[in-house]
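The values are calculated or read from the model by the stated rules, or taken from the named source; none is laboratory data. Quick caveat: nothing in here was measured; it's all calculated off a predicted structure. With ideal geometry, Cβ positions are generated from the backbone for all residues, glycine too; neighbour counts draw on all protein chains shown. The protein model used for the area step is the full one, side chains on, heavy atoms only, and it has no ligands, DNA or RNA in it. Shrake-Rupley method; radii C 1.70, N 1.55, O 1.52, S 1.80 Å.
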Amino acid sequence: MEQIVSIIFSADFIFSVIRLSTPILFATMAVLISDRAGVTNIAVEGTMLFAALMGVIGSAYGGNVWTGLLVAVLSGILFSGIIAFFHLKLETDIVLTGIALNLMASGLTIFILYLLTGDKGVSTGLNSKTVPNIHIPVLRSIPVLGEMLSGHSVLTYLAFVVIAIITVFLKKTRLGTYIRAAGENAEAIDTAGISVKVVRLKALLISGAIAGLGGAFMSMSYVSMFTKDMVAGRGFIALAAEAMGHGNPILSTLSALFFGAADALSNNLQLFNFPSELTRLMPYALTIIALTFYAARAKKQLKK
Amino acid sequence: MIKKGNSTVPILEARNISKVYGNGVYANKNICFSLNEGEIHALVGENGAGKSTLMKILFGMEKPSTGEILIKGNPVVFSSPQDAMKYEVGMVHQHFKLVDPLSITENVVLGYEPMKNGLIDRKTAEEKVKEITKIFDIREDLSTPVGKLPVGTKQKVEIVKALYRGAKILILDEPTAVLTPQETVELFEKLIQLKNEGLTVVFISHKLREVKQITDRISVIRRGELIETFFTKDVTEQEISAKMVGTTYTSALDKGESKLTEVVLDVKNITSKGLGDISVVNNMSFTVRGGQIIGIAGVEGNGQNELIEMITGLRPIDGGSVKINGMDTAGKSIIQLRNAGLSYIPSDRIDRGLAISMTIEDNMIATKLDQKSLYTNGLLSRSKIRSMSEKLVKEYLVRCNSVEAEVGMLSGGNMQKVVVAREFTQGATLIIAEQPTRGIDVGAAKFIYEELIKLRNQGCAVLLVSADLEELYKLSDHILVMYNGEISAYIKNPSEVSETELGTYMLGVKKQSAEEIKGAYYEKE
């Protein structure tokens, strides 16, 4: 037990929390921007998976990591474009559409992987690149803090930049205001002469782009290849994180970090001969527990 | 702000406007309507008469089937509200189009934000909004989220929004429906001020007294046709209402005699806990006896909803007790309450009163499924259901083509009649009527009044909650005023208390003594 506590309070542990939170942070922001527009993108999971594969392919064929990132972002946009087409144009139910696309992503990525490499599980046949880690000059030399905050993937720093941008974007820009209005009272912006559908389309495409970055992190930073179903529910955990953060970027970020910590803890516990079946359950079990507390509190408040 | 112009050419004119819907129904038939610059022009008519359709056409929300619109003599085509706004037409809808979490400023400038360096220029926006809000006495800070504002202020924000967008013609759809008497007076003052600055106002209303008070001209619409336009000073309320319904409508009601019987509804020390230490309903006690209509007056949000929800079993009771015909309702199901004699007309007929996508007949029997007369061999019999529904539809004058029609297709007044038909034929001894005539036409309202009085005279106990003071005065034997979750006044003889005085109790300016309020609770000697 003491060992576990000492691990939790080590700089290494914090470092791994930040690292493991990165995909959840991207996913949470992807959910958040869509949710604020009133079109909760539950296909973030599938979008990330699809983008993870496309990033690997893009970097393998494009010859460098940046084409891979670009392809991942574009494929994320494409994927959420499909949701937008079905939900906004054909007016299908967004939850059903999202479920369908999540299922499709799982099969489609294996199919594409098989076509390109003949392998149905991993992309080791592709010579894909990874996103570099950066050591931040002054920060790295500060003891403890440097160990925690320096040396992360470019994408990890980008995740925090995205959070900052979204916070300002929602509050201070025209489209951001319209997105908030579209999620609260669509009629209000309709009568102001702004198309709710266009606002929601834009929100979904932004959501797809951010989810694309999250997917890229999975296959080009977290590990250096694509493996089947590698997103492993992070897109769904993000739905919980966003709900617990009430759609507020900062609070949602904190919830996402909480789930990242759960992930890190589960990794560390494996070192202590805990059965891995149990430790791997941790992030998901904690999601349910956290949601239970959240729901109980919300209900209590409502009752008042 | 706006200069008074030459008034020989109408600022807006609608010529021969007709609107036919897919099912062949004429919502507007050959309407000719004109507005002079700087006037307040009322548009009155029953619900479903076609006022809203005409206004939607003038605001670009619907396209007329035939006819044309002229602005200052020039023909224009409105294919969206934006087109209408370009020609300086603005509209304040009955249901506000505001975004609750956004601030006053953000709501006002929505869609027309001043920009600076790619971001919204908050400072300029606030300055512009401040300029327009000056005459409206909005006390709240402009960065307050609109959701936190009282209804009256929300409405001001809507008007400010229209003015910010450059409206010189302002269409107000039932603006006073949600206001207290004091707020209404204030709104009228502002409208007259705006009129004096050259603004033209179209005012849609049911309340003839208000119309008479504030307008210059009145146009009456009946069944899609514009019957006549008057100068307000030339007509009386009776004449207008006669034109509206086609027959003379007297506003005085003769309730007739009723025999007071036992206490049917006994509410004692009832309390509903709110946030923290504040109770939403605090220690209220009153009774309703058979043969009595007790009215509850109050500005919305003073605990009326919670009180009714507790009485009807929709909300747990945190303290005190409710007895219906002597039965304590604690722990009882709603079915048990209904069996004890309760009937309920909810204020929200669409969400609570009806299953909107089901047929009229299915809605009619929704509370009558335990009646053996609807069954054949243990299964529901369509033909029995039909004949019963058809009888009710006829009795309660529901205007519909068939009882198989979806309830959602009916007009508001007819929907309400379906609720009333169902609830009044339950053999109930206690009727809870919550805003029973909100948003429905004069004819349907009159019908519901008569039915309520009939039930009272037959010995039913009626509890009436209404925001419409006229209605409360017409129907109630006694009036309770609610303020802040408590009874602030028990008005034993409504005819002796003016509306203004009632308003002071509603707004908490005055409160009766505990001894006076005790009169609301009847105890047998």
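Averaged per residue, what accessible surface does chain A expose to a 1.4 Å probe, in Å²?
45 Å²
Any idea of the accessible area per residue across segment B:14-87, 1.4 Å probe, to the nearest Å²?
Details: 3070 Å² over 74 residues.
Result: 41 Å² of accessible area for each residue.
Which lysines have a Cα less than 16 Å from the Cα of A:Lys197, not counting those fewer than 8 places away in the same chain?
Within the straight-line cut-off, A:Lys197 pairs with A:Lys89.
Using a probe radius of 1.4 Å on protein heavy atoms only, what is the accessible area buried between chains B and A, both sides summed, to the nearest 100 Å²?
Values: alone 24320 and 14690 Å², together 37130 Å².
About 1900 Å² of accessible surface is lost on pairing.
With Cβ to Cβ distances under 11 Å as the rule, what net charge do the other residues near B:Ala340 carry (K, R +1; D, E -1)?
With Lys, Arg at +1 and Asp, Glu at -1, the net is +2.
How much of the accessible area of segment B:312-407, in percent, comes from carbon and sulfur atoms when a 1.4 Å probe is used?
C and S fraction of accessible area: 52 percent.
What does the C-alpha gyration tensor say about the overall shape of chain B? Classify as rounded when a/c is under 1.5, otherwise prolate if a/b is larger than b/c, or oblate.
The shape class here is prolate.
Relative to the isolated chain, which residues of segment B:115-143 have their accessible area cut by 40 Å² or more in the presence of all protein chains (1.4 Å probe, heavy atoms, no ligands or nucleic acids)?
B:Leu119, B:Ile120, B:Arg122
At 1.4 Å probe size, with the rest of the protein present, what percent of the exposed accessible area of chain A is carbon and sulfur atoms?
68 percent
For segment B:223-238, take each phi angle, set θ = phi - 60°, evaluate the Karplus expression 6.51 cos²θ - 1.76 cosθ + 1.60, and give the result in whole Hz per residue in order, putting x for glycine and proline.
So the J values, rounded to whole Hz, are 6, x, 10, 7, 6, 6, 10, 10, 7, 3, 5, 8, 10, 9, 4, 4.
Mind checking which of A:Pro23, A:Pro137, A:Pro249 has the largest fluctuation in a GNM of chain A, springs on alpha carbons under 10 Å?
Looking only at A:Pro23, A:Pro137, A:Pro249, the biggest GNM fluctuation is shown by A:Pro137.
In straight Cα distance, which lysines are under 20 Å from B:Lys524, not counting same-chain residues fewer than 8 positions off?
Of all the lysines, those that pass the test against B:Lys524 - Cα under 20 Å, at least 8 places apart if same chain - are B:Lys259, B:Lys268, B:Lys323, B:Lys492.
Mind putting a number on the dipole of segment B:138-252 about its Cα centre? Charges go on the C-beta only, +1 for Lys and Arg and -1 for Asp and Glu, and I need it in Debye to the nearest 20.
180 debye
Towards the positive end of the charge dipole of the protein assembly as shown, with charges on Cβ (+1 Lys, Arg; -1 Asp, Glu), say which of A:Ala209, A:Ser80, A:Gly68 has the farthest Cα.
Result: A:Gly68, furthest along the dipole toward the positive end.
Using a simple charge model, +1 on the beta-carbon of Lys and Arg, -1 on the beta-carbon of Asp and Glu, nothing else, what dipole does the protein assembly as shown show about its Cα centre, in debye to the nearest 20? Spell out each step's value before the answer.
On the way: 86 positive and 83 negative charges, 238 e Å.
Using Cβ point charges on Lys, Arg, Asp and Glu, the protein assembly as shown gives about 1140 debye.
Enter the mean number of other protein chain beta carbons within 10 Å of the beta carbon of each residue in A:181-188, as an integer. Please list the in-between numbers first.
Details: counts 10, 1, 2, 7, 10, 2, 6, 13.
Shielding by partners across A:181-188 averages 6.
Place a +1 charge on the Cβ of each Lys and Arg in segment B:12-245 and a -1 charge on the Cβ of each Asp and Glu, then give the dipole magnitude about the Cα centre in debye, rounded to the nearest 20.
My answer is approximately 340 debye.
Between rounded, prolate and oblate, where does the protein assembly as shown land on the alpha carbon gyration tensor, with a ≥ b ≥ c its root eigenvalues, rounded for a/c under 1.5, else prolate if a/b exceeds b/c? Can you show the working numbers first?
On the way: a/c = 2.06, a/b = 1.59, b/c = 1.30.
Verdict is prolate for the protein assembly as shown.
Quick one: what are the phi-derived ³J(HN,Hα) couplings along segment A:191-197, Karplus 6.51/-1.76/1.60 with θ = phi - 60°, whole Hz, x for glycine and proline?
With coefficients 6.51, -1.76 and 1.60, one gets 6, 8, x, 10, 6, 4, 5 Hz.
With springs only between Cα atoms under 10 Å apart, run a GNM on chain A and tell me which of A:Gly233, A:Gly68, A:Gly212 wobbles the most.
The residue that fluctuates most here is A:Gly233.
Can you give the mean number of other chain Cβ atoms that lie within 10 Å of the Cβ atoms in peptide A:162-174? Before the final figure, lay out the partial values.
Numbers: counts 0, 0, 0, 0, 0, 0, 1, 1, 0, 4, 6, 5, 8.
Counting Cβ atoms of other protein chains within 10 Å of each residue's Cβ and averaging gives 2.
Mind scanning B:Lys63/B:Lys154; B:Lys128/B:Lys161; B:Lys446/B:Lys474; B:Lys156/B:Lys195; B:Lys29/B:Lys417 and naming the pairs with a C-alpha gap bigger than 21 Å?
Numbers: B:Lys63/B:Lys154 29 Å; B:Lys128/B:Lys161 11 Å; B:Lys446/B:Lys474 11 Å; B:Lys156/B:Lys195 15 Å; B:Lys29/B:Lys417 26 Å.
Exceeds cut-off: B:Lys63/B:Lys154; B:Lys29/B:Lys417.
First compute the accessible area of segment B:12-245 with a 1.4 Å probe, then give the percent of it belonging to carbon and sulfur atoms.
After summing per-atom areas, the C and S share lands at 48 percent.
Go through B:Lys255/B:Lys332; B:Lys134/B:Lys168; A:Lys300/B:Lys97; B:Lys134/B:Lys233 and tell me which ones have a Cα-Cα distance over 28 Å in this structure. Spell out each step's value before the answer.
Working: B:Lys255/B:Lys332 34 Å; B:Lys134/B:Lys168 17 Å; A:Lys300/B:Lys97 30 Å; B:Lys134/B:Lys233 31 Å.
Pairs exceeding the cut-off: B:Lys255/B:Lys332; A:Lys300/B:Lys97; B:Lys134/B:Lys233.
Explain nothing, just compute: Karplus ³J(HN,Hα) = 6.51 cos²θ - 1.76 cosθ + 1.60, θ = phi - 60°, for every residue of segment A:46-63 in order, whole Hz, x for Gly and Pro.
After applying 6.51 cos²θ - 1.76 cosθ + 1.60, I find x, 4, 5, 5, 4, 5, 4, 5, 5, x, 4, 4, x, 6, 5, 7, x, x Hz.
Please give the solvent-accessible surface of A:Lys120 in Å², to the nearest 10, using a probe radius of 1.4 Å with every protein chain present.
Rounded to the nearest 10, that gives 130 Å².
Taking only protein heavy atoms into account and a 1.4 Å probe, give the accessible area per residue of segment B:419-475 in Å².
Ligands and nucleic acids excluded, the figure is 25 Å² per residue.
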